[in-house]
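Novice: For reference, the structure I am asking about is given below.
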Amino acid sequence: MQTIILIVRGTPGTEIFVAEEETGELLGFLEVKPHKDNLSGIEQGYIVAIAVSPQGEGKGVGKALMTKAEEWSSQKGYRQLILNVFIKNDRAVNFYKHLNYEIEVVKMVKELSLRLLIRIKLFQK
């Protein structure tokens, strides 16, 4: 049987939910905080981090933590709860999709060559 407890951290508004076994064994945690979207100005809940231990996998721990974050966001009056996930992390992406999260933004990244960066630095001097 798992229990989810709340631990309040020093950062204003940030809260951490911890899932534990009755024995006190850590099964997982989720950190959530208020967030204001830079483009729309919408106040949202933001999941900073979520992790489930190998002992907690497949036991509904992740889903329970996500539910707790959704409850927290609703209590704060937020209509959205957001998170970031690596697109190549199929397991996580599918987990969130199963919970009705949608892909909204894709971050595009290009590694720049060290040679180009050095050349740019030289021209800036």
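Novice: For region 108-124, does any single residue satisfy the condition of being acidic (D, E), part of a loop (DSSP other than H, G, I, E, B) and exposed (fewer than 10 other Cβ atoms within 10 Å of the Cβ)? Working first, answer last.
Specialist: Step one: of region 108-124, the residues acidic (D, E) are 111.
Next, only the ones that are part of a loop (DSSP other than H, G, I, E, B) stay: 111.
Of the ones still in play, those that are also exposed (fewer than 10 other Cβ atoms within 10 Å of the Cβ) are 111.
Looking through region 108-124, at least one residue is acidic (D, E), part of a loop (DSSP other than H, G, I, E, B) and exposed (fewer than 10 other Cβ atoms within 10 Å of the Cβ).
Novice: Can you confirm whether I7 is of a type outside the set (S, T, Y) and open to solvent by less than 60 Å² (accessible area, probe 1.4 Å)? Steps first, answer last, please.
Specialist: Working: of a type outside the set (S, T, Y): yes; open to solvent by less than 60 Å² (accessible area, probe 1.4 Å): no.
Criteria not met by I7.
Novice: So how many residues does region 71-95 have that are part of a helix (DSSP H, G or I), in contact (Cβ under 8 Å) with a residue 24 or more places away in the chain and under 25 Å from R9 (Cα atoms)?
Specialist: Of the residues in region 71-95, the ones part of a helix (DSSP H, G or I) are 71-75, 90-95.
Next cut, in contact (Cβ under 8 Å) with a residue 24 or more places away in the chain only: 72-73, 95.
This time we only want the ones that are under 25 Å from R9 (Cα atoms), so: 72-73.
Total satisfying the criteria: 2.
Novice: Within the set of pairs 6 or more residues apart or between chains, which connect a residue that is part of a loop (DSSP other than H, G, I, E, B) inside region 14-40 to a residue that is surrounded by 12 or more Cβ atoms within 10 Å (Cβ to Cβ) with Cβ atoms less than 6 Å apart?
Specialist: Listed by first residue and then by second, the contacts come to T14/K33.
Novice: Based on this model, can you work out whether L65 counts as part of a helix (DSSP H, G or I), touching a Phe, Trp or Tyr at 6+ places or on another chain (Cβ under 6 Å) and on the phi < 0 side of the Ramachandran plot? Can you show your working first?
Specialist: Details: part of a helix (DSSP H, G or I): yes; touching a Phe, Trp or Tyr at 6+ places or on another chain (Cβ under 6 Å): yes; on the phi < 0 side of the Ramachandran plot: yes.
Judged against the criteria, L65 is a match.
Novice: Can you name the residue in region 48-60 that is within 16 Å of N94 (Cα to Cα) and either modelled with pLDDT under 95 or of a type in the set (K, R) (or both) and is also surrounded by the most Cβ atoms within 10 Å (Cβ to Cβ) among such residues?
Specialist: Restricting attention to region 48-60, the residues satisfying the condition of being within 16 Å of N94 (Cα to Cα) are 50-52, 57-58, 60.
Those left that are additionally either modelled with pLDDT under 95 or of a type in the set (K, R) (or both): 57-58, 60.
Numbers: E57: 12, G58: 9, G60: 14.
Among residues in region 48-60 that are within 16 Å of N94 (Cα to Cα) and either modelled with pLDDT under 95 or of a type in the set (K, R) (or both), the one surrounded by the most Cβ atoms within 10 Å (Cβ to Cβ) is G60.
The values are calculated or read from the model by the stated rules, or taken from the named source; none is laboratory data. Remember, predicted model here, so these are calculated numbers, not experimental data. Neighbour counts run over all protein chains shown; Cβ positions are idealised from the backbone, glycine included. Remember, those area values only see protein heavy atoms, side chains included, never the ligands or the DNA or RNA. Shrake-Rupley method; radii C 1.70, N 1.55, O 1.52, S 1.80 Å.
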